[in-house]
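Undergrad: Quick one: structure below, then a few questions.
The values are calculated or read from the model by the stated rules, or taken from the named source; none is laboratory data. Everything numeric here is computed off the predicted structure, so don't read it as measured data. Note: ideal-geometry Cβ built from the backbone for every residue, glycine included; neighbour counts use all protein chains shown. All accessible areas refer to the heavy atoms of the entire protein, side chains included, with ligands and DNA or RNA removed. Shrake-Rupley method; radii C 1.70, N 1.55, O 1.52, S 1.80 Å.
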Amino acid sequence: MSRIDESRRFLPVNIAVLTVSDTRGLSDDKSGDTLVERLTSDGHVLAGRAIVRDDVRAIVDQLRVWIDDPTVDVVISTGGTGLTGRDVTPEAFESLFEKTINGFGEMFRMLSYQKIGTSALQSRATGGVAKGTYLFALPGSPSACRDGWDLILKWQLDNRHRPCNLVELMPRLQEK
């Protein structure tokens, strides 16, 4: 449900997109393309894009680069959130979280349930904060990326969304 306060000026967010896959390249990364198209068409800035293999160390290394980059506000990944042995994205992300955004994964699975029923329990979508950077991990299908963006992130990354949004919290994420 969108509740946009049109009296406020839109503030673009700098978002990096990470695809986790052993088989995809930029030429056939449909899920990454879906995220890039959606976030840029909604007025945000693509701050970076990378593809890394399904490996905790590779994922963590790329996340750290973006977490340490003051021009990156948010990282959204696609892939590696399932239950197989190679699906290690949640482990990589959660090893860096200072705070977990439990509601993100819960909400993603609730919305997925409305579309795919009990198969939604196989998703380990997750979200959190590390050094003032929001991190969100979505499943690897273009449909999951559309749902994650269109139904959750689009709204929470819009500073005009009411009654509250994640952008408003950015200046305070590193408070002690």
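Undergrad: Could you compute the FRET efficiency for residue 23 and residue 46, with r as their C-beta to C-beta distance and R0 at 22 Å, rounded to 0.05?
TA: It comes to 0.45.
Undergrad: Once you order the gyration tensor axes a ≥ b ≥ c over the Cα atoms, which shape class does region 20-79 get: rounded for a/c under 1.5, otherwise prolate or oblate by comparing a/b with b/c?
TA: It comes out oblate by the Cα gyration axes.
Undergrad: Moving to a separate point now. Contour minus end-to-end for residue 4 and residue 68, with contour as 0.36 nm per residue of separation and end-to-end as the Cα-Cα distance?
TA: Stretched fully, the residue 4-residue 68 segment lengthens by 19.9 nm.
Undergrad: Among all the lysines, which ones have a C-alpha under 24 Å from residue 131's C-alpha, if same-chain residues fewer than 8 places away are not counted?
TA: In chain and number order, the partners are 99, 154, 176.
Undergrad: Could you please tell me the mean projected area of the C-alpha convex hull for region 52-124, averaged over all directions and given in square nanometres to one decimal?
TA: 5.4 nm²
Undergrad: Return the tail of the calculated pair distribution for region 62-176, meaning the percent of Cα-Cα pairs more than 24 Å apart.
TA: 23 percent
Undergrad: Moving to a separate point now. Convex hull volume of the Cα atoms in region 1-146, per residue, in Å³?
TA: Convex hull volume per residue, Cα atoms: 115 Å³.
Undergrad: When the accessible area of the chain is split by element with a 1.4 Å probe, what percent falls to carbon and sulfur?
TA: Here carbon and sulfur together make up 51 percent of the probe-accessible area.
Undergrad: Moving on. Report, for the chain, the % of DSSP beta bridges that are antiparallel, rounded to 5.
TA: 30 percent
Undergrad: Using a 7 Å offset from the Cα along the Cα-to-Cβ direction at both residue 56 and residue 30, what is the distance between the two label points in nm, to one decimal?
TA: With each label placed 7 Å out from Cα toward Cβ, I get 3.1 nm.
Undergrad: Counting only heavy atoms of protein chains, what accessible area per residue, in Å², does the chain have with a probe of 1.4 Å?
TA: With all protein chains present, the chain gives 50 Å² per residue.
Undergrad: Separate question: Report the Cα centroid-to-centroid distance between region 108-152 and region 1-47 in angstrom, as an integer.
TA: A separation of 14 Å, based on Cα centres.
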